[in-house]
Amino acid sequence: MDESTARRLVLVRAFDQAEGPLWTADDAAWAARLAAETAPADAGPERYLAERAHHALQRIGPRERGAERWLVHRGWRWSALFVALAAGIVVGLVADVLGRSAIVDVLAPPAWAVIGWNLAVYLLLLVGAMRPAAAGRLIPRALAAWWRRGVGRGPLREATLQWATLATPQTLARAAAMLHVAAAAVGAGLVAGLYLRGLVFDYRAGWQSTFLDAETVQRTLALLLAPATAFTGIAVPDIAAVEAMRLTPAAPQAGASAGPWIHLYGAMLLLLVIVPRLALAALALGRAAWQARHVALALDEPYFQRLLRQRAGAGIATVRVCPHAAAPGAAAALGLRALLAREFGDAVQMQIAEPTRVGDEELAARAVAGTPPGLLIALVDLGATPEAESHGRFVEALKHAAPGATLLLVADEAGFVRRFGTLPGRVEERRTAWRAFAQAQAVDLLCADLEAADPSPAHAALKTALAR
């Protein structure tokens, strides 16, 4: 999806997961109902989630003023490119001014340092293209950490942390574009400095070296400046002319005009720095634009799957509950219904079958015969000792009777906590026993107090169990 839609979904997800006073479960249910009404019936999951986020922000925005600022603050403005351009030109001009003298040294102008640095960058980019995994490790994490400065606190900060990871590809591409523009501007600043000094001063060209002779200098410069010679048609002078340019104690004044050399070095900067860097900047901006239109938000995450289950009544029109040994009390049944509604929406229906008596576990298959694929709950009492002979046969019978359903073993803690709530070790011991049983039966387990006043812990445990 596009970047704006993805940012809205990430922001609303942060508020959904916070479950604070700014955004309650009732608010979430309201946004889901409204999205189901406004989204077309045949709309895909992306459209439905976008509609829900749009409605959710209608309530979040007035309550949290920072939400609108968060949506606007993307960490990127086009003006950043112009700042990079201006800064690069200034750096190039300053480098030329620092290297300015009455004589242009053809062996050591600042242009060679800039060209060498850029060639090294091109080599690193080539290695990174050939080995993207290694390049990913070399990219400084500071670029992604820049997002992690956070805006505000609570859900806004959590949204910033989530977006930092999600937006890393386009953040890196935009940062690369800025760096390429700045590098091209440094080259342009050097070229501007070269020609500006040639307009107002009559500069001479020369060279001096302790170890190099005229022949070596002429051949080296002819080789290094070959691209500029081909582009401008200006050849490097012959050996005799280069020898005449040599500065010695006996001949400290250069007599050759610096004009041809300024053209050659200006062409080198154009060919090896300015044009390639601008091309790389254009590619990076194109890549960032494409990534901004195709943000890969993983809709298979448990959070989004829960929202999509709510849209279609959980994809589960009815949740079948099969108690073992005893039927749940009225408070437990209401608590379980409220728990399922928080996860799947108010449209979900819960049907409680007759309890399966101890010893009649094979008969549990009758209660779920013909059950369509959906959620099937095997309800037990945490206070019961899990036994393979009874509970194991009960679970196996439900598995075989409804192979297409998702089976969840729910251990109600309400009665056991009332008796042994002052002995937390005893409660945890019994939970451990049921976890071992569930692992042996290859079934997911939810231990929850179905009569608790605050259903949030049970809801969190339910989301975790369903995610598995």
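Points to keep in mind about this one:
- Restricting Ala113, Ala183, Ala175 to those that are modelled with pLDDT of 80 or more and farther than 26 Å from Arg287 by Cβ reduces the list to Ala113.
- Ala279 being among the hydrophobic types (A, V, I, L, M, F, W, C), surrounded by fewer than 17 Cβ atoms within 10 Å (Cβ to Cβ), at negative phi and modelled with pLDDT of 90 or more: yes
- Residues in region 259-270 include none that are in the same structural domain as Phe201 (by TED's automatic domain parsing), touching a residue at least 40 places away in the same chain (Cβ under 8 Å), touching a Lys or Arg at 6+ places or on another chain (Cβ under 7 Å) and crowded, with 21+ Cβ neighbours inside 10 Å.
- Scanning region 434-467 for residues that are charged (D, E, K, R), within 24 Å of Thr385 (Cβ to Cβ) and within 34 Å of the chain's Cα centre (by Cα) turns up just one, Asp444.
- Here Arg430, Arg393, Arg426 are screened, and the one residue that is in contact with a helix residue (DSSP H, G or I) (Cβ under 7 Å, 6 or more places away or on another chain), surrounded by 19 or more Cβ atoms within 10 Å (Cβ to Cβ) and among the charged types (D, E, K, R) is Arg430.
- Being free of Cβ contacts under 8 Å to residues at least 12 places away in the same chain, surrounded by fewer than 17 Cβ atoms within 10 Å (Cβ to Cβ), of a type in the set (A, V, I, L, M) and assigned to a helix (DSSP H, G or I) is a property that Val83 has.
- Scanning region 295-319 for residues that are modelled with pLDDT of 85 or more and surrounded by 22 or more Cβ atoms within 10 Å (Cβ to Cβ) yields one hit, Val319.
- The residues of region 322-373 that are assigned to a helix (DSSP H, G or I) and more than 24 Å from Ala31 (Cα to Cα), listed by number, are Ala330, Ala331, Ala332, Ala333, Glu361, Glu362, Leu363, Ala364, Ala365, Arg366, Ala367.
- Candidate set: region 433-466, residues that are at pLDDT below 80, of a type outside the set (D, E, K, R) and outside any helix (DSSP H, G or I); chosen: the one surrounded by the fewest Cβ atoms within 10 Å (Cβ to Cβ): Ala453
- When region 50-73 is filtered for residues that are part of a helix (DSSP H, G or I) and in contact (Cβ under 8 Å) with a residue 60 or more places away in the chain, the ones remaining, listed by number, are Arg52, Gly66, Ala67, Arg69, Trp70, Leu71.
- Test: residue in region 401-411 that is modelled with pLDDT under 90, farther than 24 Å from Pro302 by Cβ, assigned by TED's automatic domain parsing to the domain that holds Arg337 and not in a strand (DSSP E or B): yes
- Extreme residue, farthest from the chain's Cα centre (by Cα), among residues of region 197-223 that are touching a residue at least 40 places away in the same chain (Cβ under 8 Å) and assigned to a helix (DSSP H, G or I): Val217
- Residue count for region 224-242 satisfying the condition of being surrounded by fewer than 17 Cβ atoms within 10 Å (Cβ to Cβ), free of Cβ contacts under 8 Å to residues at least 24 places away in the same chain and not hydrophobic (A, V, I, L, M, F, W, C): 2.
- Looking only at residues of region 1-32 that are surrounded by 15 or more Cβ atoms within 10 Å (Cβ to Cβ) and among the charged types (D, E, K, R), we find that the one that is farthest from the chain's Cα centre (by Cα) is Asp27.
- Considering (1) over 19 Å from Thr318 (Cα atoms); (2) in contact (Cβ under 8 Å) with a residue 40 or more places away in the chain, the lone condition that Leu398 does not fulfil carries the number (1).
- Meets criteria (farther than 23 Å from Gly335 by Cα, crowded, with 17+ Cβ neighbours inside 10 Å and touching a strand residue (DSSP E or B) at 6+ places or on another chain (Cβ under 9 Å)) for Ala402: yes
- Filter result for Asp42 (among the acidic types (Asp, Glu), more than 30 Å from Ala176 (Cα to Cα) and either in contact with a helix residue (DSSP H, G or I) (Cβ under 6 Å, 6 or more places away or on another chain) or assigned by TED's automatic domain parsing to the domain that holds Pro169 (or both)): no
- Filter result for Ala284 (assigned by TED's automatic domain parsing to the domain that holds Leu462 and surrounded by 14 or more Cβ atoms within 10 Å (Cβ to Cβ)): no
- Filter pass, Ser209 being touching an Asp or Glu at 6+ places or on another chain (Cβ under 9 Å) and surrounded by fewer than 15 Cβ atoms within 10 Å (Cβ to Cβ): no
- Test: residue in region 154-164 that is more than 27 Å from Leu11 (Cα to Cα), part of a helix (DSSP H, G or I) and at pLDDT 85 or above: no
- The single residue among Thr232, Thr248 that is out of contact with any strand residue (DSSP E or B) (no Cβ under 7 Å at 6 or more places or on another chain), among the hydroxyl-bearing types (Ser, Thr, Tyr) and at pLDDT below 90 turns out to be Thr248.
- If the condition is being at pLDDT below 90 and under 12 Å from Val410 (Cβ atoms), then region 321-349 contributes Leu339, Leu340.
The values are calculated or read from the model by the stated rules, or taken from the named source; none is laboratory data. Note that the coordinates shown come from a computational prediction; the quantities given were computed from them, not determined experimentally. Note that each Cβ is placed from the backbone with ideal geometry, even for glycine, and that neighbours are counted across all protein chains shown.
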